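One structure below.
Only the coordinates and a few stated rules stand behind these numbers; no lab work does. Given the structure is predicted, the values throughout are model-derived calculations rather than measurements. Here Cβ is always computed from backbone atoms with ideal geometry, including for glycine, and neighbour counts include all displayed protein chains.
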Number of protein chains: 2
Amino acid sequence: MKKALTLALSTAIAFSMYAQEPVEQSAANSVFPKGDRIRNDHFKGTAYLKMLMDADSLNPTSVGAVTFEPGARTKWHLHPGGQILLGIDGVGYYQEKGQAKKILRKGDVMKCPTNVPHWHGASPDSAFVQVAITNRHLGETVWLHEVSNSEYAK
Amino acid sequence: MKKALTLALSTAIAFSMYAQEPVEQSAANSVFPKGDRIRNDHFKGTAYLKMLMDADSLNPTSVGAVTFEPGARTKWHLHPGGQILLGIDGVGYYQEKGQAKKILRKGDVMKCPTNVPHWHGASPDSAFVQVAITNRHLGETVWLHEVSNSEYAK
């Protein structure tokens with residue numbers, strides 16, 4: 001009987017571990033591959049990009065999945081053709097120049113207006129996965145200055 | 001001891017049920033709300049739309065999450081400005097005129113070229129959730145004829 005109890009308890013623990021697994025997977029990226037580490041200096045901290053679709057001459061929209069590790073963020077930047085962000089997982093930040101910082105979570109959607117400086121990234125304690133949908137028919141992204149630690153924390 | 005064993009087994013069963021819950025959620029739609037049932041006649045079967053972002057005069061891209069119940073599909077149609085589909089969950093179909101039907105799963109990405117007739121939907125045994133990214137600067141979607149059962153099954 002003791003053996004049966006041990007087995008039952010082990011089963012309970014095993015199911016308990018399994019039950020938490022999707023949450024862990026989810027924090028990493030639940031839909032798209034994580035892609036390659038971003039090595040350019042437009043980002044601070046550790047971030048990954050999986051390009052999902054390139055723009056072309058007939059369809060000027062590119063789509064990419066970005067995974068920000070906790071604390072990672074872009075520089076301030078703007079898009080001449082605008083951008084739409086889809087929150088896929090985790091907890092992230094989005095801020096437009098002159099506006100308060102907003103929190104983005106799974107399922108949240110944000111439009112970055114054309115030519116408005118903004119930045120986005122992860123919160124300090126959670127990774128953030130976003131899909132960025134960027135229109136390039138009016139020009140490429142213009143990169144500006146770093147997001148200071150006080151701007152990030154505010 | 002028998003009571004303890006019963007408790008442990010109940011715990012195991014409870015965790016087992018909990019462990020399966022994310023999978024069921026996932027099949028319904030893991031990221032975005034399901035939205036409202038689509039009532040127009042451009043679709044066959046049961047499908048739901050959650051508009052995520054409307055196009056505007058500066059950013060002509062609209063984004064919507066569509067959930068197709070098993071067997072549901074669009075009519076044949078085309079987009080003057082093209083479309084990009086992101087597979088979010090389940091198992092779906094995509095076919096362009098004159099091409100073989102393709103299977104779409106979570107994480108798959110498809111570009112529907114401008115003005116090329118195509119259809120998409122769920123497979124017969126699984127729902128399919130997609131994000132559709134549609135450019136509207138060259139005109140609205142043009143709806144064509146139904147996808148016949150033999151086209152769907154081929």
Here FRET efficiency (C-beta to C-beta, residue B:137 to residue B:102, R₀ 35 Å, nearest 0.05) is 0.85
Taking beta carbons within 10 Å but only from partner chains, what does the mean come to for residues A:104-111?
4
Output row for residue B:146: copy-to-copy label distances, label 7 Å along Cα→C-beta, ascending, in nanometres, one decimal, is 6.3
Apply the Karplus parameterisation 6.51 cos²θ - 1.76 cosθ + 1.60, with θ equal to phi minus 60°, to every residue of the stretch A:60-65 and state each ³J(HN,Hα) to the nearest whole Hz, in sequence, with x for glycine and proline.
x, 9, 10, 10, x, 9
What is the spin-label model distance, in nm, from residue B:125 to residue B:56 if the labels are put 7 Å beyond Cα along the C-beta direction?
4.6
What are the label-to-label distances in nm, one decimal and shortest first, from residue B:55 to the same spot in the other copies, with labels 7 Å along Cα to Cβ?
1.7
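Compute the signed sum of charges (Lys and Arg +1, Asp and Glu -1) over the other residues within less than 14 Å, Cβ to Cβ, of residue B:117.
Numbers: positive: B:73, B:75, B:97, B:101; negative: B:96, B:146, B:151.
Within the 14 Å Cβ shell, the charges total +1.
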Sparse-neighbour loop sites [trypsin sites (Lys or Arg not before Pro); the stretch B:62-108; at most 13 other C-beta within 10 Å; DSSP]:
B:97
Please get the size of the charge dipole for the stretch A:36-153, origin at its Cα centre, with Cβ charges of +1 on Lys and Arg and -1 on Asp and Glu, quoted in debye to the nearest 20.
180
Using a Cα-Cα cut-off of under 26 Å, which lysines could be cross-linked to residue A:34, ignoring same-chain neighbours fewer than 8 residues away?
A:44, A:50, A:75, A:101, A:102, A:106, A:111, B:34, B:50, B:102, B:106, B:111
Inter-part distance where the stretch B:34-88 and the stretch A:87-108 are each reduced to a Cα centre, Å
25
Across the identical copies, how the residue B:97 labels are spaced - nm, sorted shortest first, 7 Å along Cα→Cβ
4.6
Computed log₁₀ I(q)/I(0) - Debye formula, equal Cα scatterers, no solvent, the stretch A:36-153, q 0.22 Å⁻¹
-1.37
